[in-house]
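Notes follow once the structure below has been shown.
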Amino acid sequence: MITTINQEVVTVGVGDLKVAGIPKILKTSLGSCVGVVLYDNVIKVGGMLHLMLPKCKDRNGKLSKYADTGIPLLIDLMVKRANANKRNLTAKIFGGARMFNISSDMFDIGKSNILETASILDRLGIRISARRLGGTKGHQISLDTNTGIVQSRILGEPTVKY
């Protein structure tokens, strides 16, 4: 989970997370999933979580797949293993698209992921400094751990820096 790979660009898979110091680029692609980027700008350590669902029903499963277990896990790894200071952490969140044209909010996983993510970060005292959420198209994001800048591209649109 903590990246020691000698690669400059590290892909964060679906339902996974990574934490890295400099110089690294963490990247992922999102649909209805939400990408949570945490960054400590003092020691230049970043983390990225690619969560799939809002709530974990099986605590024996892969905790990084869910907002309610993955976000605390990411914070814990950044603080305990990468020496980040929780007070220095800020969040940037992306994704949560409505990928299927279904009229019921009950099946809008992207919206549920967004709401749960924002709620958990608020409850844990992590300020959200940037967000690019929703829509009907996939997102691609990349974090530069040297600067804390996240580049976000919605398919078919220009890249925006946060």
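See the values below:
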quantity: Any hit, the stretch 22-35, residues being free of Cβ contacts under 8 Å to residues at least 12 places away in the same chain and at negative phi; calculated: no
quantity: From the options PHE100, PHE107, residue that is loosely packed, with under 14 Cβ neighbours inside 10 Å, of a type outside the set (D, E, K, R) and more than 15 Å from LEU53 (Cα to Cα); calculated: PHE100
quantity: Selection count, the stretch 34-52, where residues are in a strand (DSSP E or B), touching a helix residue (DSSP H, G or I) at 6+ places or on another chain (Cβ under 9 Å) and over 11 Å from MET78 (Cβ atoms); calculated: 4
quantity: Residues within the stretch 85-115 that are β-branched (Val, Ile, Thr) and either at pLDDT 95 or above or part of a strand (DSSP E or B) (or both), tallied; calculated: 3
quantity: Hits in the stretch 1-33 - residues which are surrounded by 15 or more Cβ atoms within 10 Å (Cβ to Cβ), at pLDDT 90 or above and either farther than 13 Å from LEU74 by Cβ or among the hydroxyl-bearing types (Ser, Thr, Tyr) (or both); calculated: VAL10, THR11, GLY21, LYS24, ILE25, LYS27, THR28, SER29, LEU30, GLY31, SER32, CYS33
quantity: Qualifying residue in the stretch 132-151 (condition: in contact with a strand residue (DSSP E or B) (Cβ under 8 Å, 6 or more places away or on another chain), surrounded by fewer than 17 Cβ atoms within 10 Å (Cβ to Cβ) and assigned to a strand (DSSP E or B)); calculated: yes
quantity: Residue match in the stretch 69-84 (condition: assigned to a strand (DSSP E or B) and among the aliphatic types (A, V, I, L, M)); calculated: no
quantity: Verdict on SER64 being within 13 Å of the chain's Cα centre (by Cα) and assigned to a loop (DSSP other than H, G, I, E, B); calculated: no
quantity: Selection status of ILE43, in contact (Cβ under 8 Å) with a residue 24 or more places away in the chain, of a type in the set (Val, Ile, Thr) and over 15 Å from GLY21 (Cα atoms); calculated: no
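The values are calculated or read from the model by the stated rules, or taken from the named source; none is laboratory data. These numbers were taken from a predicted model, which means no experiment stands behind them. In this analysis, Cβ positions are derived from the backbone assuming ideal geometry, glycine residues included, and neighbour counts consider all displayed protein chains.
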